[in-house]
Amino acid sequence: MCHPLHRAAIHGRSKAARRAVKRCGMVFNPSRLLPGSAALKMGKIVIGTLASLVVAGAAGWFSLDKETRGLLATAPRNRDLLFWSVPQRDAAFRALDRVSVMADWHVVPAGGTPSPLPPGPPLKLEIDLDAYLAGQRMAGMLIVHDGKLRLERYGLGFDSAGRWTSFSVAKSMTSVLLGAALRDGHIRNMNDKVTDYIPQMKGSAYDDVSIRHLLTMTSGVRWNEDYANPNSDVARFINHQPVDGVEALVSYLRRLPRDAPAGTRWNYSTGETNLVGVLVSRATKRPLADYLSEKIWKPAGMEQQATWLLSKTGQEISGCCIQAATRDFARFGVFILNGARAGAQGIVPDGWLGEATSERVGISQPGRGYGYQWWTYGDGSFTARGIFGQGIFIDPKRQLVIASNANWGGGATDPAAKESRESFYRAVQAAIDAEAAQAGGPTRTGEALRPKAQPMAQAVSSPT
């Protein structure tokens, strides 16, 4: 029995894959939509492509890159990524853009000259680093301090040449793109209504929802992000058949009822981050991948191109799934640390980034909050984070960025791994402070540089 690949990989389908498709004489075209950081559900996947490659010949198999070979060798058949085995996730997280039976994508081009990551002295940590990396099942991690690379480690057979998926780290990048659209005049005001930019949402519960409500996840519209519940919105959304001519996400969200007045309740909703992406794309009249390349990927001096996975109606899934090198995730952190500037010019309005990365709403966790798609801490640091251990931690006071890609063995929101990561962040901060004290400089353990905003809504749920 022959199982074909579907369409081309990012640089064009390999000859071996093309031969396999030709021999099969058909194209596998699943229904596929990734609504969020945990719901990589891909229709009726029966990859089985390894058999086709055997037919194509051993030489064809070895002509594929190692990421594609690893993905095809594991052949995940389950429709839900949350229930894939650890080895299947290990293979898939580095190769979601290698075989488009998984999903389609847009390329995010990099510029011609990567920004340097000059080496600094090794960072002395008072922890067992190898044990921490093993416990996190870390694929890649970089620590950048004062613009210098203090630590770079890889695992799981991953390396600096590969791309790993972001999961919900993409939410924070989408937030910055909205800020850029404000600066460019494509969006007038944070208090504009969603329906001003997406008229197809008129007459729905989103009539009263502003852009600010979307960014802070305080729309008050009902949404259930319980990844284990087959009746949750993330599950129902997968099987939703959109109205002809309507973006799948818009078609689904406009049917949802209101649970609370807008601005009064925080409820984590990847669906609404995806709606932010639709809004930015409509406002700019451009694909998000193109806008990401212009506003962030090229100005930040990324080393590699990235890819952004698409919904079944061809829209970038803005709450999830940007594939990039760990080094480039670190560069994004440095770009934000330096004020999101392209040369001397900020890409977002003056003061906007400070708002975005400080607490706009409480989440019922002491010392923690939520900004504009960023998780915040009481000491002024903040983070982008995604399931299975993806994260970009940024501490402006210490001029510190920690970028990490992983595949947590305990699952998407592994509590032990999450707490270990928080302890690691504190250990790195302590190491930086110890260096400053030894050098006779000030430690940086005082209050945050920016005033903390008053919580604006009641928190009801947090999946991460």
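The values are calculated or read from the model by the stated rules, or taken from the named source; none is laboratory data. None of these values were measured; they are calculated from a predicted model. Every residue, glycine as well, gets a Cβ built from its backbone with ideal geometry; the counts of neighbours run over all protein chains shown.
Condition check ((1) assigned by TED's automatic domain parsing to the domain that holds Trp352; (2) in contact (Cβ under 8 Å) with a residue 12 or more places away in the chain; (3) in a loop (DSSP other than H, G, I, E, B)) across all residues:
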| residue | (1), (2), (3) |
| --- | --- |
| Leu123 | no, yes, yes |
| Gly135 | yes, yes, no |
| Leu156 | yes, yes, yes |
| Thr174 | yes, yes, no |
| Ala180 | yes, yes, no |
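Which ones in segment 275-321 are of a type in the set (Gly, Ala, Ser) and within 25 Å of Asp244 (Cα to Cα)?
Hits for segment 275-321 are Gly277, Ser281, Ala283, Ala289, Ser311, Gly314, Ser318, Gly319.
Quick check: anything in segment 318-327 in the same structural domain as Gly162 (by TED's automatic domain parsing) and at positive phi?
yes
For segment 343-364, give me the residue count where each residue is at pLDDT below 95 and either farther than 22 Å from Lys298 by Cα or within 22 Å of the chain's Cα centre (by Cα) (or both).
1
Would you mind stating whether Trp375 is of a type outside the set (D, E, K, R) and within 26 Å of Phe93 (Cβ to Cβ)?
So Trp375 passes the test.
Give me a count of the residues in segment 293-315 that are aliphatic (A, V, I, L, M), crowded, with 24+ Cβ neighbours inside 10 Å and more than 11 Å from Phe335 (Cα to Cα).
2
Is one or more of the residues making up segment 359-371 of a type outside the set (Asp, Glu), assigned to a strand (DSSP E or B) and under 17 Å from Phe424 (Cα atoms)?
Within segment 359-371, one or more residues are of a type outside the set (Asp, Glu), assigned to a strand (DSSP E or B) and under 17 Å from Phe424 (Cα atoms).
Sort through Arg398, Arg421, Arg426, Arg327 and tell me the only one that's in a helix (DSSP H, G or I), more than 30 Å from Trp84 (Cα to Cα) and either free of Cβ contacts under 8 Å to residues at least 60 places away in the same chain or not small (Gly, Ala, Ser) (or both).
Arg426
Quick one: Thr113 ticks every box in (1) surrounded by 16 or more Cβ atoms within 10 Å (Cβ to Cβ); (2) polar (S, T, N, Q); (3) not assigned by TED's automatic domain parsing to the domain that holds Lys418 except a single one, so which number is it?
So the condition that Thr113 fails would be (1).
Being surrounded by fewer than 22 Cβ atoms within 10 Å (Cβ to Cβ) and within 19 Å of Ile387 (Cβ to Cβ) is the requirement here; does Ser318 meet it?
When the stated conditions are applied, Ser318 does not pass them.
Okay, residues lined up against (1) within 25 Å of the chain's Cα centre (by Cα); (2) surrounded by 16 or more Cβ atoms within 10 Å (Cβ to Cβ):
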{"site": "Val176", "(1), (2)": "yes, yes"}
{"site": "Ile187", "(1), (2)": "yes, yes"}
{"site": "Ser204", "(1), (2)": "no, yes"}
{"site": "Val209", "(1), (2)": "yes, yes"}
{"site": "His213", "(1), (2)": "yes, yes"}
{"site": "Val243", "(1), (2)": "no, no"}
{"site": "Arg255", "(1), (2)": "no, no"}
{"site": "Gly263", "(1), (2)": "yes, yes"}
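For (1) modelled with pLDDT under 95; (2) of a type in the set (Val, Ile, Thr); (3) within 21 Å of Gly389 (Cβ to Cβ), each residue gets a yes or a no:
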| position | (1), (2), (3) |
| --- | --- |
| Ala95 | yes, no, yes |
| Val101 | yes, yes, no |
| Gly135 | no, no, yes |
| Asp159 | no, no, yes |
| Gly185 | no, no, no |
| Asp192 | no, no, no |
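Looking at Lys418, Lys397, can you tell me which residue is touching a Gly at 6+ places or on another chain (Cβ under 7 Å), basic (Lys, Arg) and assigned by TED's automatic domain parsing to the domain that holds Thr216?
Matching residue, one of Lys418, Lys397: Lys397.
Restricting to segment 359-394, and then to whatever is closer than 15 Å to Val176 by Cβ and of a type in the set (A, V, I, L, M), can you tell me which residue is surrounded by the fewest Cβ atoms within 10 Å (Cβ to Cβ)?
So the residue we want is Ile394.
Name the single residue that is surrounded by the most Cβ atoms within 10 Å (Cβ to Cβ) among those in segment 401-418 being of a type outside the set (Val, Ile, Thr) and assigned to a strand (DSSP E or B).
Restricting to residues being of a type outside the set (Val, Ile, Thr) and assigned to a strand (DSSP E or B), the top hit is Asn405.
Among the helices (runs of 4 or more DSSP H) confined wholly to segment 211-267, which include 3 or more residues that are within 20 Å of Val361 (Cβ to Cβ)?
211-216
Which one of these does Lys312 not meet: (1) among the charged types (D, E, K, R); (2) assigned to a helix (DSSP H, G or I); (3) modelled with pLDDT under 95?
Failing condition for Lys312: (2).
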